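Worksheet: one structure, shown below.
Every number in this text was worked out from the coordinates using simple rules, so none of it is lab data. Only a predicted model underlies this, so the values are computations on that prediction, with no experimental measurement involved. FYI the Cβ positions are ideal-geometry reconstructions off the backbone, even for glycines, and counts take in every protein chain you see.
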Amino acid sequence: MPLSDVVVWSLLLAVNALGVLLVAMSLPGTWLIAAATALFAWLHGYPRILGIAPLVILLVIALVAEVLELVAGAAGVRAVGGSARGAMGAVMGGVIGGIAGTFLIPVPILGSILGAALGSFAGAFIAERPGEHGMDARMESGKAAFRGRLLGTLLKLAAACAMWIVVALALVL
């Protein structure tokens, strides 16, 4: 194997590792991994190095991971009997909280993850109508949204790691 191939493969794996790190910061790292790998395949002999199967696998994993992360907080709210309004609040709060946590919680990676989970909690808690649901029910919806979003983020992080492994294996096999 030529040294130039090793350098290019190493660069691709480093960019994909950055994608995993971005996912940990609640940023779209799964799409960076998929796009970087597709670009690599296109530039460096698509059928020779990477076939269609790894690219399709990456796309499927990225799509599933995005959906899981986005709806996990809402699913948590619905699982404890919260309203559709509370579930939507969890989704919106998670997005806002993830962005805010990146800047307001000065701990790299943890700030983004915690911000998204806390945002899901706050979104569900606020969105549940006080007249229809008592304080205990609103609190339960918020806690379920927190747990769901945290689990969704951890699942997406696991998916990004799986994507990195798919690429690494496709390069060496």
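Quick notes on this structure:
- Virtual paramagnetic centre 7 Å along Cα→Cβ of Asp5, amide N under 19 Å, in region 25-61: 37-55
- With contributions of -39500 (n - 2.57) from each DSSP H run of at least four residues, the per-residue ellipticity at 222 nm computed over the chain stands at -29000 deg cm²/dmol.
- Extension gain, Arg129 to Ile96: 0.36 nm times the residue separation minus the Cα-Cα distance gives 9.9 nm.
- Summing +1 for each Lys or Arg and -1 for each Asp or Glu among the other residues whose beta-carbon sits under 12 angstrom from that of Leu155 gives 0.
- Gaussian network model of the chain, Cα within-10 Å springs - most flexible of Ile33, Ile61, Ile49: Ile49
- Pairwise Cα separations in the chain fall into 10 Å bins from 0 onward with the following percentages, short to long: 12, 34, 25, 17, 9, 3, 0.
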